[in-house]
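As C-alpha cells, the structure follows; a few thoughts come after it.
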Amino acid sequence: MTKKIQIMETVLRDGQQSLIATRMPTSDMLPIIKTLDEAGYYALEMWGGATFDSCIRFLNEDPWERLRLIRKEVKNAKLQMLLRGQNLLGYKNYADDVVREFVEKSVKNGIDVIRVFDALNDTRNLQTAITAAKEAGGHCQTAISYTTSDVHTIDYFVTLAKEMASFGADSICIKDMAGVLMPQTGFELVSRIKDAVDLPLEVHTHATSGIAEMTYLKVAEAGADIIDTAISSFAGGTSQPATESVAMALEELGFDTGLNMTKVAEVAEYFNPIRDRFRNEGLLNPKVKDVEPKTLIYQVPGGMLSNLLSQLTEQGLQDKYDEVLAEVPKVRADLGYPPLVTPLSQMVGTQALMNVISGERYKLIPNEIKDYVRGLYGRPPAPISDEIKQKIIGDETVVTVRPADLIAPQLPNFEEEIKEYAKSMEDVLMYAVFPQQAKDFLGRREDRFYDVPLQTVNVKIDY
Ligand code: CO
C-alpha cells in the first residue's frame with residue numbers, strides 16, 4: 001500500500017523571505033502560477049507579515065491585490081498564509097475587532113488556509129483568530145512554535161496540540177523556525193501527536209542546520225500528512241529543503257506525494273533565472289545558503305548568532321562573544337524559556353548582551369523585557385521566579401488575563417486616522433498592521449504630490 005504525504009510549496013513566501021528578504025514582486029510570480037497550481041501541491045504559501053510589509057515598503061504593490069491576482073489563477077492548490085495570532089502580521093497585540101476583520105478579509109480575498117501561531121505558544125493569543133477563520137469559512141491551522149528547553153518536552157507539545165484541537169483547529173503544524181528539530185525527536189513528536197489528536201499534521205522546518213531533509217524522512221515515516229518545501233531555485237540554507245529532492249526521496253521510499261514532477265521541473269526552470277537575477281543584484285547574500293550546525297550546539301537560531309556577533313563587533317567587543325553566548329540560555333531560563341523566535345530572540349539576545357557588557361546582570365533592562373515580564377506578551381512557557389520578577393519590574397503586578405482583553409476596540413480609530421487615503425476596509429487594515437508604511441503607500445497612490453519616496457535601501461527584514 002502506498003502511503004500518502006502532501007507537499008506545501010513555500011517559494012512565494014518563506015522561500016523568498018528566507019533567501020532574498022521577501023523582495024520578489026508579483027510580476028515574477030504570475031507567469032508561473034498556473035503551472036504551480038497544476039503541479040499537485042497541497043497548498044501554496046504566499047502571504048504573511050514580511051510579504052505584506054515588503055509589498056508596501058519596497059515594491060510599491062498592494063498586497064491585497066497580489067492575493068486577488070494569484071487567487072484568480074489557482075483552482076487546485078490551496079492558498080495559505082501565516083498569521084502571528086493576536087499580533088496579526090506584527091509584534092504587538094491588536095484588539096479583537098481588528099483581528100476578526102483582518103482574518104475575514106483575508107479569507108474573502110482568497111486565502112484558504114490560515115496558519116496561526118503564537119511565539120510563546122499561549123493558546124489564548126490564538127483563540128480570536130481561530131474563531132474568525134472558521135466563521136469566515138477558512139481552514140484554520142494552528143502552529144506549535146517548536147523549540148528546545150527543559151520545559152519543551154514531547155509531553156508539553158502533545159498537551160499543546162490537544163488544547164489546539166479543543167479550540168477548534170482544523171489541522172496542526174509543528175513549526176520549527178530555527179531548523180533545530182532532530183530526526184528522531186521529529187519522529188516521536190509526530191507519532192505522539194498523531195496518536196493524541198485526530199487532525200491532519202504538517203511539519204515545517206528550515207534547512208539552516210543541515211538536518212532538515214533527514215527530519216522530513218523521519219516525520220514522513222511517523223505519519224506526517226504534509227511537509228513544507230521550497231522549489232530548488234529558492235531552497236536550502238535558511239530556506240526549506242528542495243521540493244524535488246525531498247519528493248524524489250519520498251517516492252523512492254514508497255510515498256505518493258501527488259506531485260507531477262514534470263510540472264515541478266518547469267517551476268524550477270522558471271525560477272532559476274529569477275534566483276540568478278537576485279544573486280547578481282546582491283539581494284541573495286551567499287551567507288544565507290551556508291550550513292550552520294552551531295544552531296544545534298547552542299540551540300540558538302543562526303540569525304541570532306550572526307546578529308549578536310555584529311552588534312558586538314560594532315562596539316569593538318567581539319572578544320565578549322563567547323561570554324554573551326553563554327549568557328543567552330541563562331537569560332532564557334530566567335524568563336521562563338520563551339522560544340527564541342522574533343521578537344523574543346532579539347529581546348533575549350539584547351538582555352544577554354546588556355548583562356555581559358554592563359558587568360552586572362539586569363542592571364540595564366530594555367522596556368520590551370519589562371513588558372514581557374509584566375505579562376503583556378502572554379504567558380511564559382514556565383513561571384518566572386519571584387527573584388527575577390523583582391529585579392525586572394519590582395513590585396508591579398503581573399497581568400494574568402489574555403493581553404488583548406486589556407485593549408479596547410481599535411478599528412474605528414484606525415478608520416478615522418487613515419480616512420484621507422483609505423478607500424476600502426482592506427486599506428484600513430493595511431494601515432492597522434503597518435501604519436507608517438501603509439500611510440506612505442496609500443498617500444503615494446491617492447495624492448500625486450505626496451512626497452515620501454519608496455524605500456529602496458537594502459534592509460534585511462527579519463520575521
Ligand atoms: Co519558516
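The values are calculated or read from the model by the stated rules, or taken from the named source; none is laboratory data. All figures in this text were calculated on a predicted structure; none of them were measured in a lab. In this analysis, Cβ positions are derived from the backbone assuming ideal geometry, glycine residues included, and neighbour counts consider all displayed protein chains. Protein only, heavy atoms only, side chains kept; ligands, DNA and RNA dropped before computing areas. Shrake-Rupley method; radii C 1.70, N 1.55, O 1.52, S 1.80 Å.
Brief remarks on what is shown
- Of Thr208, Thr128, all but one fail to be in contact with a helix residue (DSSP H, G or I) (Cβ under 7 Å, 6 or more places away or on another chain), of a type in the set (S, T, N, Q) and part of a loop (DSSP other than H, G, I, E, B); the exception is Thr208.
- The residues of the stretch 281-301 that are within 22 Å of Met354 (Cβ to Cβ) and touching a Ser or Thr at 6+ places or on another chain (Cβ under 7 Å), listed by number, are Gln299, Pro301.
- For the stretch 105-115, the criterion of being assigned by TED's automatic domain parsing to the domain that holds Lys218, touching a Ser or Thr at 6+ places or on another chain (Cβ under 8 Å) and of a type in the set (Ser, Thr, Tyr) is met by none of the residues.
- Those residues of the stretch 330-346 which are surrounded by 21 or more Cβ atoms within 10 Å (Cβ to Cβ) and not hydroxyl-bearing (Ser, Thr, Tyr), in sequence order: Val331, Arg332, Asp334, Leu335, Pro338, Pro339, Leu340, Val341, Leu344
- One residue stands out in the stretch 131-154 among those that are part of a loop (DSSP other than H, G, I, E, B) and either open to solvent by less than 20 Å² (accessible area, probe 1.4 Å) or of a type in the set (Ser, Thr, Tyr) (or both): the one that is farthest from Val328 (Cα to Cα), namely Gly138.
- Test: residue in the stretch 305-318 that is outside any helix (DSSP H, G or I) and either under 21 Å from the mean Cα position of the chain (by Cα) or surrounded by 13 or more Cβ atoms within 10 Å (Cβ to Cβ) (or both): yes
- If you go through the stretch 210-234 and pick out every residue that is touching a strand residue (DSSP E or B) at 6+ places or on another chain (Cβ under 9 Å), open to solvent by 10 Å² or more (accessible area, probe 1.4 Å) and over 13 Å from Lys4 (Cα atoms), you end up with 2.
A quick yes/no check of all residues on (1) in contact (Cβ under 8 Å) with a residue 40 or more places away in the chain; (2) among the aliphatic types (A, V, I, L, M); (3) surrounded by fewer than 24 Cβ atoms within 10 Å (Cβ to Cβ); (4) out of contact with any Leu (no Cβ under 6 Å at 6 or more places or on another chain):
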{"residue": "Lys34", "(1), (2), (3), (4)": "no, no, yes, yes"}
{"residue": "Glu38", "(1), (2), (3), (4)": "yes, no, yes, yes"}
{"residue": "Glu45", "(1), (2), (3), (4)": "yes, no, no, yes"}
{"residue": "Asp53", "(1), (2), (3), (4)": "yes, no, yes, yes"}
{"residue": "Phe58", "(1), (2), (3), (4)": "yes, no, yes, yes"}
{"residue": "Lys72", "(1), (2), (3), (4)": "no, no, yes, yes"}
{"residue": "Lys78", "(1), (2), (3), (4)": "yes, no, yes, yes"}
{"residue": "Leu83", "(1), (2), (3), (4)": "yes, yes, no, yes"}
{"residue": "Gly90", "(1), (2), (3), (4)": "yes, no, yes, yes"}
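- Residue in the stretch 13-23 that is under 19 Å from Thr229 (Cα atoms), surrounded by fewer than 23 Cβ atoms within 10 Å (Cβ to Cβ) and either among the small types (Gly, Ala, Ser) or outside the structural domain of Thr229 (by TED's automatic domain parsing) (or both) present: yes
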